[in-house]
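The values are calculated or read from the model by the stated rules, or taken from the named source; none is laboratory data. For clarity, every value in this text was computed on a predicted model and none was experimentally measured. Heads up, the Cβs are rebuilt from the backbone with ideal geometry, glycines too, and the neighbour counts pull from every protein chain shown. Heavy atoms of the whole protein, side chains included, go into the accessibility calculation; ligands, DNA and RNA do not. Shrake-Rupley method; radii C 1.70, N 1.55, O 1.52, S 1.80 Å.
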Amino acid sequence: MAATTPYTPTTGNIPQTAPANVATAHTVKAVPKTRVVAVVGIIAVVLIGLNLRAGITSSAALFHELQQVLGYGALVASILPSIPLLCFAVAGLGTSWLTRRVGVEKAIAIALALLAGGLLVRGVPFTGALLGGTVLAMSGLAVCNVAMPSFIREHYSDRTSMMTGVYTFTMSGGATFAAAVSVPLAQQLGSPSLGLAAWGLLGVAALLGFLPVVLHSHRNATKTDRARVSMWPLLRTRLGILITAIFTFQAFLAYAVMSWFAYILTSQGLSASESGLQFGVMQLVSVAAGMILLAFGSRPGMLRPALYLASSATLVAIATMIWLPTSLAVVPAVLFGFGLGIFPLVLVIISRSGRSTAETTALSTIAQSLGYLIAAVGPFGMGLLHSATGGWVLPLSLLSIVAVALMVTCHLLTSKRTASKTGQRTA
């Protein structure tokens with residue numbers, strides 16, 4: 001086992017690999033930015049954040065209509081919600097290599113180009129185009145998911161919490177807006193496929209907004225040697241395992257819920273517009289919850305209560321989804337939205353980790369890639385179980401087990417045993 005030093009999300013110490021696990025790469029390092037460039041960078045982060053869930057929630061709100069118009073069967077209907085997670089897992093693994101070759105900024109620009117192109121391809125009213133465009137767009141999202149914590153760590157290291165809050169706030173805002181207007185937009189355009197493709201324009205805007213950051217980084221770079229950190233030794237540490245686990249469980253729950261929430265309500269009697277509205281409520285609550293939990297959990301000793309609040313809200317939401325009538329769908333919508341607020345807390349832990357951008361990227365890559373790979377079972381499994389049983393009780397009951405596992409992981413991550421090894425204050 002490689003020798004390691006203690007890791008703590010609070011101080012930023014990450015397990016350091018022994019020399020055998022570290023290689024150097026000839027890379028570039030940007031010089032300090034001017035105030036104007038820093039502001040442009042914040043605007044770019046906002047535009048990127050708006051895109052990173054809109055492509056997912058817009059399609060989730062239209063799954064029922066897409067299946068009716070395109071005529072695909074239960075297998076494709078089960079696979080489609082799992083594509084984002086599979087792309088996040090597979091494409092995300094290549095992010096460390098890509099950022100070493102071209103830099104964090106250029107890697108994000110490439111990702112945004114893939115995102116915009118993939119979303120536009122989905123406008124073709126053909127099942128193959130829907131699947132292919134989704135793979136392309138979600139691969140771009142995968143790179144952004146992994147690279148953004150590193151971008152924030154590198155360019156805004158003294159404002160990590162603030163920039164993570166801005167990033168996740170706009171991410172949730174974009175998801176909320178997309179969920180609320182996707183159905184009406186598709187109706188206005190006369191096609192659910194065109195309703196999906198329209199979000200490609202938002203991707204183009206993000207790419208154009210980020211280009212000044214890329215150009216500044218390219219023109220004002222200096223040569224340096226940077227250590228390349230192997231991500232796999234992180235899984236031999238207690239905290240590396242726990243961070244990967246918490247990311248896995250929250251992603252499993254989030255994407256299972258985001259993929260099927262509106263569909264469940266529609267299948268239970270609500271109209272597509274009403275289901276989309278409740279989906280939008282869930283996303284809107286997640287915006288406020290993320291900011292509240294981020295502010296609450298960033299205080300000394302309050303991380304554990306914040307994680308408890310979010311994970312328990314998800315567990316209660318699943319119970320209300322099973323037992324309450326559809327007319328009270330706003331209750332699980334609000335509770336699920338609050339549970340989704342755990343995501344910013346996890347991102348802050350990752351963004352503050354490591355003594356360098358390379359270390360942050362390594363932890364982000366392993367946690368997100370493995371997490372999303374396992375989480376892909378959620379949407380796919382729920383779809384298959386629904387097809388097999390004709391109902392949602394069993395899929396939701398099994399989902400509650402994952403919610404319990406998330407609560408246990410939150411407890412272990414903030415336990416005194418972990419704190420004693422890392423110096424972290426927990427409760």
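Principal semi-axes of the equivalent ellipsoid, √(5λ) from the alpha carbon gyration tensor of the stretch 89-236, are 31, 17, 15 Å from largest down. Of the peptides 265-276, 65-76, 301-312, 84-95, the ranking by mean beta-carbon count within 10 Å, highest at the top, reads 84-95, 301-312, 265-276, 65-76. The alpha-carbon positions of the stretch 241-380 define a convex hull whose volume is 106 Å³ per residue. Share of carbon and sulfur in the accessible area of the stretch 97-241 stands at 66%, probe radius 1.4 Å. Here the relative contact order of the stretch 243-344, from alpha carbon pairs under 8 Å that lie six or more residues apart, stands at 36 percent.
P(r) tail for the stretch 45-91, what percent of Cα pairs lie past 16 Å? Percent of Cα pairs beyond 16 Å in the stretch 45-91: 48.
Annotation for the stretch 99-170 versus the stretch 372-412: alpha-carbon center distance of 26 Å.
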